[in-house]
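For reference, the structure is listed below as structure tokens.
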Amino acid sequence: MPSTYRQAIEELEVILRSLETDTVDVDDLTTRVERSAELIRLCRHKLRNAEASLDRIFDTLDDEDAADSSAAGADDELDEEYDDDNEVDSHERPGGPGRPDQTSWLF
């Protein structure tokens, strides 16, 4: 029995090619179809396990993102409070309303 998905697929491809090119005896056909069914089951099992592993990984990433977002949200709230306290009314800017202050002209 192959141990990897790739090996199982390769064996399935060999069986398929032999069925397409050879005149197959009914007894041999039954054996090949049974072997193909075993290989397909193995592939399905490996795919399900891979999917479950990926789901767990993505769930972990989602949990980390949620934790980062909630921590960042608290930082954003503090930043907004700071920005509100330090906001300059456009009428108080040098040059008058609607004109950028000189610091925005610097590169």
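Read-outs: derived from the displayed coordinates by stated rules, not from any lab. These numbers were taken from a predicted model, which means no experiment stands behind them. Counting neighbours? That spans all protein chains shown, and the Cβs are built from the backbone with ideal geometry, glycine included.
Remarks
- Subtracting the Cα-Cα distance of residue 35 and residue 20 from their residue separation scaled by 0.36 nm leaves 3.8 nm.
- The packing ranking of peptides 11-21, 37-47, highest mean first, is 37-47, 11-21, where packing means the average number of other beta carbon atoms within 10 angstrom of each residue.
- Spin-label model distance (nm) - residue 67 vs residue 50, 7 Å beyond Cα toward Cβ: 2.9 nm
- Cβ-based charge dipole, segment 1-68, positive-most Cα from 42, 19, 52: 19
- The ellipsoid equivalent to the alpha-carbon distribution of segment 1-65 has semi-axes of 36, 10, 7 angstrom, derived from the gyration tensor eigenvalues as √(5λ) and listed largest first.
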